[in-house]
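*Asks:* Below is the structure I would like to discuss, written out as structure tokens.
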Amino acid sequence: LKKYGVDEKNLIVEVKSNSTIEQIHFVRDKHYRKHNWNRIILISDNFHLFRTSEICKFNNMNVDCIASDTPLSTESRINFSIKESVAVLFFWLFGIG
């Protein structure tokens, strides 16, 4: 984003959480609700965006998702697609993920 002219002070990079849900809760509690935001932009790998947006919707957060341009091998895409498919099902069924 800095490469495209976004001022660094307008970026929030979260690096302390261990899961997607922890990351979403951090953003929700420390920024979204606290500052009364009505929409956020999340940037992540393409394979990860659907589950991230589902978790945000569950937490009543309006979100726009943008895929990063991280290149992945065919094998990595297949592995991540399988992992994310299972993770989405676990989130939908059990609220974990």
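*Asks:* Show me, for the range 29-36, the HN-Hα J-couplings you get by feeding each phi into the Karplus relation (A = 6.51, B = -1.76, C = 1.60, θ = phi - 60°), rounded to Hz, glycine and proline as x.
*Replies:* Computed from phi, the couplings for the range 29-36 are 7, 8, 9, 4, 6, 4, 9, 6 Hz.
*Asks:* Hey, another quick one. Which of the lysines could be linked to LYS34 by a straight reach, that is with a Cα gap under 24 Å, when you skip same-chain ones fewer than 8 residues away?
*Replies:* Cross-link targets: LYS9, LYS16, LYS57.
*Asks:* So what J values fall out for the range 83-93 if you push phi through Karplus, 6.51 cos²θ - 1.76 cosθ + 1.60 with θ = phi - 60°, rounded to Hz, Gly and Pro as x?
*Replies:* So the J values, rounded to whole Hz, are 4, 5, 4, 5, 5, 5, 4, 5, 5, 4, 7.
*Asks:* If amide hydrogens are placed 1.01 Å from N in the peptide plane, which non-local residues have theirs closer than 5 Å to the one on LEU42?
*Replies:* Here the answer is ASP64, CYS65, ILE66, since their amide H atoms fall under 5 Å of that of LEU42.
*Asks:* For the range 59-97 and the range 29-53, write down the distance between their C-alpha centroids in whole Å.
*Replies:* Each part's Cα centre sits 14 Å from the other's.
*Asks:* Loop-only trypsin sites (Lys or Arg not before Pro) in the chain, please: DSSP not H, G, I, E or B, and at most 10 other Cβ atoms within 10 Å. Present the calculation step by step, with values, prior to reporting the outcome.
*Replies:* On the way: sites: LYS2, LYS3, LYS9, LYS16, ARG28, LYS30, ARG33, LYS34, ARG39, ARG51, LYS57, ARG77, LYS83; in loops: LYS16, ARG33, LYS34, ARG39.
For trypsin sites (Lys or Arg not before Pro) across the chain that sit outside H, G, I, E and B with at most 10 neighbouring Cβ atoms in 10 Å, the list reads LYS16, LYS34, ARG39.
*Asks:* With every protein chain in place, what's the accessible area of PHE50 (1.4 Å probe, Å², nearest 10)?
*Replies:* Taking all protein chains as shown, PHE50 has close to 110 Å².
*Asks:* Please get the size of the charge dipole for the chain, origin at its Cα centre, with Cβ charges of +1 on Lys and Arg and -1 on Asp and Glu, quoted in debye to the nearest 20.
*Replies:* Working: 13 positive and 11 negative charges, 64 e Å.
The dipole of the chain has a size of about 300 debye.
*Asks:* Okay, next question. What FRET efficiency do you get for LYS30 and THR70 if R0 is 25 Å and r is their Cβ-Cβ distance, rounded to the nearest 0.05?
*Replies:* Values: r = 25 Å, r/R0 = 1.02.
For LYS30 and THR70, the calculated efficiency is 0.45.
*Asks:* Averaging sequence separations of C-alpha pairs under 8 Å and six or more residues apart, then dividing by the length of the chain, give the relative contact order as a whole percent.
*Replies:* Working: 76 pairs, mean separation 23.9, N = 97.
Reported relative contact order: 25 percent.
*Asks:* Let me ask another. Please state, as a whole number in µm²/s, the translational diffusion coefficient that the Stokes-Einstein equation yields for the chain at 25 °C and 0.890 mPa s, with Rh defined as the Kirkwood radius across alpha carbon pairs.
*Replies:* 169 µm²/s
The values are calculated or read from the model by the stated rules, or taken from the named source; none is laboratory data. Just so it is clear, the structure is predicted and the values come from calculations on it, not from any experiment. Cβ coordinates were reconstructed from backbone atoms using ideal geometry, including for glycine residues, and neighbour counts include every protein chain displayed. Accessible surface areas use protein heavy atoms only, side chains included; no ligands, DNA or RNA. Shrake-Rupley method; radii C 1.70, N 1.55, O 1.52, S 1.80 Å.
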